[in-house]
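Step one of this worksheet: look at the structure below.
The values are calculated or read from the model by the stated rules, or taken from the named source; none is laboratory data. Just so we're clear, the structure is a prediction, and the values are computed from it rather than from any experiment. Glycine gets a Cβ as well: all are built from the backbone with ideal geometry, and neighbour counts include every protein chain shown. Calculation scope for accessible area: heavy atoms of the full protein, side chains included, ligands and nucleic acids excluded. Shrake-Rupley method; radii C 1.70, N 1.55, O 1.52, S 1.80 Å.
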Amino acid sequence: MVYLRPPGEDGLRLAVLSGVSLEFAAPWMRVAPHDPVPVADAVSEGRLVWIGDREEMARRYPRPGLVLPYPFSLAAAPLTAGGTTWGGLVLLWPGGHAPRLAAPEEDAVRDGCDRMALVLARAEAEGRPVLPGRQPRIVRPTRRTPGPIEATAAVEFVHRLPGGSCALDLNGRVTFLTEEAADLLAVDAEELAGALPWEVLPWMDNPAVEDRYRAAVISRRTTSFTTLRPPGHWLRFELHPDATGISVRITPAAGPEGETPGPGSSGQHEDPEHTAQSALPSRATSLYHLMHLAATLTEAAGVQDVVDQAADQITPALGVHALAVLTAEDGRLRVVGHRGYADAVGRFDSAPLASDTPAARVLVTGTPLFFGSRAELERDFPSAVVLGSAGAAWAFLPLIASGRPVGSLILGYDRPRNFHPGERAILSSLAGLLAQALDRARLYDSKHELARRLQAGLLPHTLPHIPGLEVAARYLPAGHGTGVGGDFYDLIRLSGTTAAATIGDVQGHNVEAAALMGQVRAAVHASAGAPPGEVLARTNRLLTDLDPGLFTSCLYAHIDLRHHRALLATAGHPPPLVRHPDGHTEALDLPPGLLLGIDPAADYPTAGVTLPTGTVLALFTDGLVEAPGVDIDDATDELAGQLAWNGDASLDDLADALIGHARESAPRHDDIALLLLRTVAPG
């Protein structure tokens with residue numbers, strides 16, 4: 001699988017697919033930057049990701065591990081050239097591959113990625129960029145076409161084998177069937193040609209049967225099963241896969257000893273010599289789509305995230321042409337997200353719940369509506385033709401959570417279709433999963449908005465103007481939980497030529513951390529003007545008296561602009577960076593001090609630094625330099641290099657550059673606070 005970045009988007013889109021059908025790749029047609037899948041990590045972290053087996057997949061990436069519980073190995077790597085990442089490559093190996101990627105294999109993967117990235121970079125430079133299409137390009141291996149004599153010999157060879165033979169393409173459709181196989185299956189060969197076996201043969205429409213097919217395609221290992229052809233004929237199927245399809249051998253078999261299938265019995269049992277499993281379009285595939293959507297929605301946070309995830313999963317997996325999600329607010333329908341309804345979405349929005357439209361009807365009644373053609377829709381709802389000229393069939397589904405309606409889901413198809421009972425049940429289940437996730441997401445959004453307002457109230461709205469000092473500040477929440485953290489910064493004007501700067505980090509990412517952060521800021525304000533060590537000592541005694549159960553790091557600097565000097569003390573906080581006027585940048589060597597809130601008798605020694613005109617002082621929290629798998633000293637050195645390189649820019653541009661570098665270099669899972677100070681000649 002080759003993924004490319006669509007223009008103007010942060011995520012990846014599947015551009016090239018080989019070795020499996022599009023149905024298997026449907027859940028991962030679009031990959032967001034932080035989706036929990038290997039290719040997202042490979043691209044965002046700029047490294048090769050190797051998954052040795054299905055147990056490792058289930059442990060590290062539960063979502064794809066749930067949907068593809070088969071033996072295979074996987075590598076994902078970024079396509080990078082000239083400092084630009086163009087996309088990602090995903091390769092699957094058959095089950096049974098060694099736990100580690102061999103050095104020649106790794107070299108081949110990296111070399112292939114480098115060559116692809118150079119092609120993409122060259123095409124971009126020449127004004128003809130390679131872009132992902134609406135559907136990925138399917139690449140199939142080619143073989144030499146046999147001549148008439150070889151073809152005749154091959155057919156005779158197949159007919160001489162015991163039992164029956166047939167061939168399936170990667171989509172599971174029958175491409176070849178011998179007369180012996182047709183006799184064993186009790187079906188005319190013409191009926192099966194080009195069809196899915198489990199669609200033509202009702203006794204094969206069972207997830208256990210289809211699962212063997214899915215196992216063969218993904219693991220590239222021989223799988224087998226024995227099943228009952230009513231009324232009493234047991235058949236054994238052996239599936240032999242390769243990159244072009246599946247060769248199937250069918251032979252008579254003895255049923256399980258002492259077993260007589262009765263009503264409700266599936267009639268399937270697994271060959272003890274084989275343990276692989278699998279599936280394709282029908283009930284088995286629908287179950288996998290349900291599982292994948294359920295796993296995806298458990299990780300979605302806000303309403304928009306839920307809608308995006310649902311659209312990414314539902315539209316390719318079920319062949320949906322357009323999708324819209326609506327909720328009820330103040331007696332009206334509100335569109336919270338859509339795909340493919342740009343021309344008509346404005347007419348959905350603000351429609352009264354009392355209006356006679358299918359979206360309002362299903363929300364009020366809780367009963368889904370299905371229209372297999374435009375004529376059916378116009379017959380029952382003449383005004384609903386506003387749903388778009390390209391539509392040909394629709395499903396209107398109520399979104400019901402905890403017994404109450406929360407919205408409506410509209411699915412549009414570009415061809416007429418018959419919604420059989422099984423499909424209606426699957427669509428209703430999808431709507432139920434979406435409704436529960438949407439209900440949780442609305443609560444999350446409400447809490448997030450409350451948290452955002454609380455955070456905004458606790459951080460300084462503006463920083464004071466101090467002659468001789470330029471300032472800029474940034475705060476970025478971690479983006480998880482409630483969005484409330486304990487990082488803080490402040491600049492306090494003490495006199496016309498003196499100021500105090502402080503920055504700190506309260507342990508935790510919750511309302512309690514934010515509340516304690518407010519108390520720390522208030523305590524520092526109350527003591528500001530005293531020597532830095534005394535300010536931290538007083539604040540520390542207050543915190544130990546409060547005994548909040550949370551610890552706090554803090555840095556305090558007393559800045560004397562008249563004498564171009566600063567005194568600093570730290571309570572377990574990362575030392576600031578200083579960029580001297582000549583561009584030399586370093587981390588200040590400050591004597592260590594204990595975190596606030598541990599020992600009421602802790603002492604906080606002070607150190608000084610000169611601040612000639614043009615000096616930049618960068619105070620930051622550890623979220624700016626701390627990331628999984630990254631050495632904090634190396635990250636701090638990189639930050640110092642960025643400060644040295646961009647230090648002559650305006651402080652706002654410099655702040656954006658430092659934050660941007662941190663976010664691009666590695667995933668960040670902590671809040672980031674940054675306070676920049678530059679000494680200038682008083683104007």
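Remarks
- So Gly83, is it among the small types (Gly, Ala, Ser) and within 21 Å of the chain's Cα centre (by Cα): no
- Identity of the residue in the stretch 596-609, in contact with a Ser or Thr (Cβ under 6 Å, 6 or more places away or on another chain) and assigned to a loop (DSSP other than H, G, I, E, B), that ends up most open to solvent (accessible area, probe 1.4 Å): Pro600
- Within the stretch 202-233, the residues that satisfy the criterion of being touching a residue at least 24 places away in the same chain (Cβ under 8 Å) and of a type in the set (A, V, I, L, M) are Ala208, Val209, Ala215, Ala216, Val217, Ile218, Leu228.
- Positions within the stretch 396-415 being touching a helix residue (DSSP H, G or I) at 6+ places or on another chain (Cβ under 8 Å) and without any contact (Cβ under 8 Å) to a residue 60 or more places away in the chain, in sequence order: Phe396, Leu397, Pro398, Ile400, Ala401, Ser402
- Set Ala662, Ala655: member being of a type in the set (A, V, I, L, M), in contact with a helix residue (DSSP H, G or I) (Cβ under 6 Å, 6 or more places away or on another chain) and surrounded by 13 or more Cβ atoms within 10 Å (Cβ to Cβ): Ala662
- Scope the stretch 211-235; condition assigned to a strand (DSSP E or B) and closer than 21 Å to Tyr70 by Cβ; matching residues: Thr223, Ser224, Phe225, Thr226, Thr227
- The stretch 610-628, residues that are open to solvent by 20 Å² or more (accessible area, probe 1.4 Å) and hydroxyl-bearing (Ser, Thr, Tyr): Thr610, Thr613
- Residue check, Val119 β-branched (Val, Ile, Thr), open to solvent by less than 40 Å² (accessible area, probe 1.4 Å) and part of a helix (DSSP H, G or I): no
- The requirement of being more than 18 Å from the chain's Cα centre (by Cα), part of a helix (DSSP H, G or I) and modelled with pLDDT of 90 or more is fulfilled nowhere in the stretch 50-69; no residue meets it.
- Of the residues Pro263, Pro197, Pro230, Pro241, the single one that is at pLDDT 80 or above and open to solvent by 50 Å² or more (accessible area, probe 1.4 Å) is Pro230.
- Test for Phe176: is it in a strand (DSSP E or B) and either small (Gly, Ala, Ser) or surrounded by fewer than 20 Cβ atoms within 10 Å (Cβ to Cβ) (or both): yes
- Enumeration of residues in the stretch 399-423 that are among the aromatic types (Phe, Trp, Tyr) and open to solvent by 10 Å² or more (accessible area, probe 1.4 Å): Phe419
- Within the stretch 349-364, if we keep just the residues that are of a type in the set (A, V, I, L, M, F, W, C) and not in a helix (DSSP H, G or I), the residue that is most open to solvent (accessible area, probe 1.4 Å) turns out to be Ala354.
- Residue satisfying condition, being touching a strand residue (DSSP E or B) at 6+ places or on another chain (Cβ under 7 Å), at pLDDT below 85, charged (D, E, K, R) and more than 22 Å from Ala301 (Cβ to Cβ), within set Arg424, Arg417: Arg424
- Filtered residue count, the stretch 1-37, keeping only those that are open to solvent by 10 Å² or more (accessible area, probe 1.4 Å), in a helix (DSSP H, G or I) and touching a strand residue (DSSP E or B) at 6+ places or on another chain (Cβ under 7 Å): 2
- The stretch 171-185: number of residues that are of a type in the set (A, V, I, L, M, F, W, C) and in contact with a Pro (Cβ under 9 Å, 6 or more places away or on another chain): 3
- Yes/no for Leu79 being surrounded by 21 or more Cβ atoms within 10 Å (Cβ to Cβ), assigned to a strand (DSSP E or B) and either of a type in the set (A, V, I, L, M, F, W, C) or touching a Leu at 6+ places or on another chain (Cβ under 9 Å) (or both): yes
- Members of the stretch 88-109 found to be among the small types (Gly, Ala, Ser), at pLDDT 95 or above and either closer than 22 Å to Ala26 by Cα or crowded, with 18+ Cβ neighbours inside 10 Å (or both), listed by number: Gly88
- Among the conditions (1) at pLDDT below 65; (2) buried (at least 16 other Cβ atoms within 10 Å of the Cβ); (3) of a type in the set (Val, Ile, Thr), the only one that Thr275 does not satisfy is (2).
- Leu619, sole failed condition from (1) in contact with a Gly (Cβ under 7 Å, 6 or more places away or on another chain); (2) among the aliphatic types (A, V, I, L, M); (3) within 16 Å of Thr679 (Cα to Cα); (4) at pLDDT 95 or above: (1)
- In the set (1) closer than 30 Å to Ala681 by Cβ; (2) in a helix (DSSP H, G or I), Pro612 fails one condition alone, (2).
- Remark: pairs (first residue in the stretch 160-185, at positive phi; second residue modelled with pLDDT of 90 or more and β-branched (Val, Ile, Thr); Cβ separation under 6 Å; 6+ apart in sequence or on different chains) = Gly163/Ile250; Gly163/Thr251.
- Identity of the residue in the stretch 665-683, at pLDDT below 80 and farther than 23 Å from Ser44 by Cβ, that ends up surrounded by the fewest Cβ atoms within 10 Å (Cβ to Cβ): Gly683
- Summed over the stretch 10-44, residues that are modelled with pLDDT under 90, of a type in the set (D, E, K, R) and under 19 Å from Ala81 (Cα atoms) total 1.
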